[in-house]
Amino acid sequence: MIRGLYTAATGMNAMQNQIDVTSNNIANVNTIAFKKDRAEFQDLMYESMNYAAGQTSEISTNPTGMDVGLGVRVSGIQKNFTQGDLETTNNTLDLAIEGNGFFQVTMPDGDVAYTRGGAFKLDDEGNIVNANGYLLEPQITVPENLKNITIAEDGTVTAEDPNTGDVTDLGQITLVDFINPAGLTPLGNSLYQANEAAGDPIEGIATEEQFGSIGQGMIEMSNVKLVEEMVNLITAQRGKKEKRQKNKK
């Protein structure tokens, strides 16, 4: 009886983790480039009450055995990097990656972070920065006298001199990919940090090799499907309620 209470309690804890993960997904349904999480579970060790192939008589053996499970635990919470919907904004510096890849930004401490969020802007010095003011890497600066910024699918950035009509090449936005993007460390603000689990950053040019293309005037939205997450939330809440009721009995 006591063992059953502890086993049920592990289920309650697991369902609470599922509720927390799902609630976070729902909260970020409108967050630019947010990637939903998925809680993963594993069963705990088993106590063998009667081993398989154990003797049940002089001439017979137990065909299945008797193993009692001791509950469940959260084995991991994984990011799902499937493509979110692309929303047209017609803003010059709104960029979306259609396919594989991440933009690079330089944080205040000098470290490079990676993001799918392409809502870029110009700072007071003409540098392309993200919503937090972090410089896009490679750094691209738009001179004050140039207008009509154009960003091609391969990341080439050009701007036009309105007085002469001359077009100036300002540089190229490169993308980075990882062998295991799900292993990246989330930092918040739709930023991620590289680590050993994700593998070494692979830098390249959009539209080449495994990299997707860059779309100007659009942004990638969250990949959260609200109906799916609501179903997951209801299921987890009911599961937790049932386990709580079993503990009371």
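The values are calculated or read from the model by the stated rules, or taken from the named source; none is laboratory data. Small disclaimer: the values here were computed from a predicted structure and weren't measured. Reconstructed Cβ throughout: ideal geometry from the backbone, glycine too, with neighbour counts over all protein chains shown. The accessibility values were calculated without ligands, DNA or RNA, using every heavy atom of the protein model including side chains. Shrake-Rupley method; radii C 1.70, N 1.55, O 1.52, S 1.80 Å.
Values for this structure:
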quantity: Residue-span extension gain [residue 40 to residue 67] - 0.36 nm each, minus C-alpha spacing; calculated: 7.4 nm
quantity: Of 45, 107, 230, the one that fluctuates the most in a GNM where the chain has Cα springs shorter than 10 Å; calculated: 45
quantity: ³J(HN,Hα) computed for each position of the stretch 108-125 - Karplus, 6.51 cos²θ - 1.76 cosθ + 1.60, integer Hz, glycine/proline x; calculated: x, 7, x, 6, 9, 10, 10, 8, 9, x, x, 7, 8, 8, 9, 8, 6, 9
quantity: Whole-number accessible area per residue in Å² for the chain, which is evaluated in the context of all protein chains at 1.4 Å; calculated: 56
quantity: Calculated diffusion of the stretch 63-219, Stokes-Einstein form, Kirkwood radius summed over Cα pairs, 10 °C and 1.306 mPa s, µm²/s; calculated: 92
quantity: Rounded to 10°, Cα long-axis angle of helix 2-27 versus longest principal axis of the chain; calculated: 20
quantity: Extended-chain gain in nm, criterion 0.36 nm per residue less alpha-carbon gap, residue 208 and residue 27; calculated: 61.7 nm
quantity: Dipole magnitude (debye, nearest 20) for the stretch 178-234, charges at Cβ of Lys, Arg, Asp, Glu; calculated: 240
quantity: Solvent-accessible area, 1.4 Å probe, carbon plus sulfur percent, for the chain; calculated: 49
quantity: Long-range lysine pairs (8 or more apart or interchain), the chain, Cα under 14 Å; calculated: 7
quantity: Charge tally in the Cβ shell below 9 Å around residue 219, where Lys, Arg are +1 and Asp, Glu are -1, residue 219 excluded; calculated: -3
quantity: C-alpha long axis of helix 226-248 to longest principal axis of the chain, angle in °; calculated: 30
quantity: For the stretch 192-201, 3J(HN,Hα) per residue [Karplus equation, 6.51 cos²θ - 1.76 cosθ + 1.60, θ = phi - 60°, Hz, x = Gly/Pro]; calculated: 9, 10, 6, 7, 5, 5, 7, x, 6, x
quantity: Net charge over other residues, Cβ less than 15 angstrom from the Cβ of residue 168 (K, R count +1; D, E count -1); calculated: -4
